[in-house]
Amino acid sequence: MIKIVYITKKGEILANNIKHILDYYFYDNRIYHSKDLTIDGNEKGFIFIMATGIVLRKYIDKIKKDKTKDAFVIVLDELGKNIIPILSNHLGGGNYFSKLIGRELKENVVFTTATDVNNKVGIDELSNIYFLDVPKKKDILKINKKVLYEKVDLTLPNGWKPLKNVLNTYNIKYHNNNYVIVDRDIILKPKNIVVGIGARKNIKSYNVYWAVKKALYLRDIPIWRVNAFATVDVKKDEKGILETAKRFKKKLFIFDRKDISEIYKIRDDLIKSDFVFKTIGVYGVSEPVSILGVKKLNDLENIKDISNMDINRDINYINHINLVLKKFKKNGVSISISIG
């Protein structure tokens, strides 16, 4: 949940404009007047429309806990002229959401972090744009200082591409291994990304194709970074889904409805459709199969026995798989994306 907080009437108008932007990109968000705001510690981020001093004095100590886990904090003046990310700019996504809002509002984003003002990509931002494991704090300090004065070696898996200002920051090399090496000795493992697909019967392949493209655009994920697609057993012969997986050159996982039902017992954040339940016997497809896909890939990497899947064994793990795009519907297709 992203919480948008305002004080004045002009601030409320701006809050609604920001909400429209976040709604378009399918980010869960809600508007609060400052007197109604509660902080529960589970927020993805905060967008404050008020003076920076108020945020620092009244809210920041309630939000900041751990550099690698903090929710992002963005501050705007009530006219939206300046957008200032002040907490968790890289790992939490503060810079990403500031740029997103700034681009849509056509207003100024004020960056204060050294790597950003020098058009460099720090290792924490690198982990974000490539969807890698979070670097250690000591490595963040070491690399982000080093890239300000020299180019650092960066080794990517074959098939990956330089993104954003990476070429301006690193000496790029490639290898056949499925991990990233920074400065020759820091290894960052890629997270697994799975696109879950549900669709009406006899769906056309071009509808599936463009729904996937739009979903990846909404989360700024290049197709070459996706590990697999997934769907439900009743769709295993659906031509539109099969052809799309083939066109994107991605493996397609098929999951039983009994396993999908177990995910709904574990996760309380999934969208439920009574219509889908009456049709195929489960409350949804795209969200649970994307989660199951991430679990399967991680089980394969950890050489677990997946022939007899025991979902209950991994309840805590399943709860921590990040459903980055909840059910997105377009032209008879439902798409969700999970990362973990």
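Values quoted throughout were computed directly from the atomic coordinates according to the rules given, and no laboratory measurement underlies them. No experiment lies behind these values; they were computed from the predicted model shown. Here the Cβ positions follow ideal geometry from the backbone for every residue, glycine too, while neighbour counts run over all protein chains shown.
Between Y317 and K145, the simple spin-label model (points 7 angstrom out along Cα→Cβ) gives 3.7 nm. Within 11 Å, Cβ to Cβ, of N168, how many net charges do the neighbouring residues add up to if Lys/Arg are +1 and Asp/Glu are -1? Local net charge: +3. Return the calculated 222 nm mean residue ellipticity for the chain, to the nearest 500 deg cm²/dmol, obtained by summing -39500 (n - 2.57) across DSSP H runs with n ≥ 4 and dividing by the residue count. Calculated at 222 nm, the ellipticity per residue is -10000 deg cm²/dmol.
Normalising by residue count, the stretch 193-339 has a Cα convex hull of 101 Å³ per residue.
Its alpha carbons considered, the chain gives a radius of gyration followed by a Dmax of 21.0, 61 Å.
Among residues other than N202 whose Cβ falls under 9 Å from its Cβ, what is the net charge (Lys/Arg +1, Asp/Glu -1)? Mind dumping the intermediate values first?
Details: positive: R200, K201, K204, K239; negative: E238.
Combined, the nearby Lys, Arg, Asp and Glu give +3.
In the calculated pair distance distribution of the stretch 2-112, what percentage of Cα-Cα distances lie above 22 Å? Display every interim value, and only then the final one.
Numbers: 1217 of 6105 pairs.
Distances greater than 22 Å cover 20 percent of the Cα pairs.
For K278, a cut-off of 22 angstrom between C-alpha atoms picks up these lysines, skipping any fewer than 8 places away in its own chain: K201, K235, K236, K258, K265, K326, K327, K329, K330.
Can you figure out the FRET efficiency of K278 with I254, using R₀ = 30 Å and their beta-carbon distance, to the nearest 0.05? All intermediate terms of the calculation are to be shown ahead of the outcome.
Values: r = 22 Å, r/R0 = 0.72.
So the FRET efficiency works out to roughly 0.90.
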